[in-house]
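The structure under discussion appears below in the form of structure tokens.
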Amino acid sequence: MAGHARPLQLTVMEHQFSNGRTLKLVVGDITRQQADAIVNAANSALAGGGGVDGAIHRAGGPSIMQELDKIRAEVGGCPTGHAVVTGAGKLPARFVFHAVGPVYRDGTHQEPAWLASCYRKCLELAEENDVKTISFPSISTGVYGYPIRDAAPIALRETSRHLDRPETTVQAVLFVLFSQADYDVYSACLRATSTRDG
Ligand code: APR
């Protein structure tokens with residue numbers, strides 16, 4: 001391979017469904033992407049943290065945590081596989097959906113089901129709140145240790161199924177991947193699915 005230039009790596013990939021809805025992948029920081037709703041990879045205590053959670057609270061300002069404080073006081077937190085909604089503070093969005101992904105152990109402790117549930121709950125919240133565009137990070141594949149090669153097919157399957165439905169307010173799903181390596185995994189998976197499904 002020495003002497004060969006690396007092929008150009010595209011950092012945007014878009015899949016259009018037959019009903020006109022779109023699923024798009026980009027590399028970037030989710031706090032900088034405009035969308036009706038931004039999804040956070042949160043924890044059950046809704047207590048904030050590092051990774052995308054930290055970035056969302058830093059960029060969105062204190063109002064998001066104030067709303068989470070109220071939710072925590074009312075219902076105690078958010079179980080794995082579920083999501084709660086707040087405003088988006090200073091973020092370029094109307095809502096943040098705080099989804100709690102599974103901590104990965106070995107893949108046999110319901111992690112795939114919990115991860116799929118996270119995406120579905122966020123899409124349900126999108127429908128309830130008349131959200132047309134929603135951006136997701138790669139839930140659970142950071143601190144929570146879910147192997148991205150196993151997580152990406154689940155994320156893409158759940159969002160694609162939703163976009164394919166005849167009745168949905170969601171017109172566009174955007175995955176904002178934080179590194180080229182993560183993007184490459186998602187794009188290979190999306191390409192494989194698109195080729196298989198036509
Ligand atoms: N934009 C997009 N993606 C990001 C950003 C960002 N600004 N920052 C981090 N990421 C990526 C990570 O690189 C990873 O691929 O988001 C993915 C999810 O990683 P984490 O944020 O660590 O989320 P998760 O694995 O679900 O762990 C959740 O981490 O921060 C804590 O409070 C959070 O306890 C919870 C846990």
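Residues in region 144-183 that are near the ligand (Cβ under 10 Å from one of its atoms), of a type in the set (A, V, I, L, M, F, W, C) and buried (at least 16 other Cβ atoms within 10 Å of the Cβ): 148, 151, 175, 176, 177, 178. Summed over region 126-143, residues that are surrounded by fewer than 21 Cβ atoms within 10 Å (Cβ to Cβ) and farther than 13 Å from residue 23 by Cα total 6.
Give me the residue from region 47-61 that is touching a Leu at 6+ places or on another chain (Cβ under 9 Å) and in a loop (DSSP other than H, G, I, E, B) and, out of that set, farthest from the ligand (Cβ to nearest atom). Of everything passing the filter in region 47-61, 61 is farthest from the ligand (Cβ to nearest atom). Scanning region 137-171 for residues that are within 11 Å of the chain's Cα centre (by Cα) and hydroxyl-bearing (Ser, Thr, Tyr) yields 138, 140, 141, 159. A Cβ distance below 6 Å, combined with a sequence gap of six or more or placement on separate chains, defines the contacts here; from region 94-117, residues that are closer than 19 Å to residue 51 by Cα reach residues that are more than 9 Å from the ligand (Cβ to nearest atom) and among the charged types (D, E, K, R) in the pairs 102/111; 104/111.
Looking only at residues of region 95-115 that are assigned to a loop (DSSP other than H, G, I, E, B) and within 13 Å of the ligand (Cβ to nearest atom), we find that the one that is nearest to residue 63 (Cα to Cα) is 101.
Residue 157 passes every criterion in (1) at pLDDT below 95; (2) outside any loop (DSSP other than H, G, I, E, B) apart from (1). Determine if region 80-88 includes at least one residue that is loosely packed, with under 13 Cβ neighbours inside 10 Å and modelled with pLDDT of 95 or more. No - not one qualifying residue is present in region 80-88. Of all residues in region 50-64, those that are farther than 14 Å from residue 143 by Cα and without any contact (Cβ under 8 Å) to a residue 24 or more places away in the chain have Cβ atoms under 8 Å from Cβ atoms of residues that are in a helix (DSSP H, G or I) and more than 9 Å from the ligand (Cβ to nearest atom), 6 or more apart or on another chain, in 57/64; 57/65. All of (1) more than 21 Å from residue 48 (Cβ to Cβ); (2) assigned to a helix (DSSP H, G or I) hold for residue 122 with one exception: (1).
The values are calculated or read from the model by the stated rules, or taken from the named source; none is laboratory data. Owing to the predicted nature of the structure, the values given are computational and were not obtained by experimental measurement. Cβ coordinates were reconstructed from backbone atoms using ideal geometry, including for glycine residues, and neighbour counts include every protein chain displayed.
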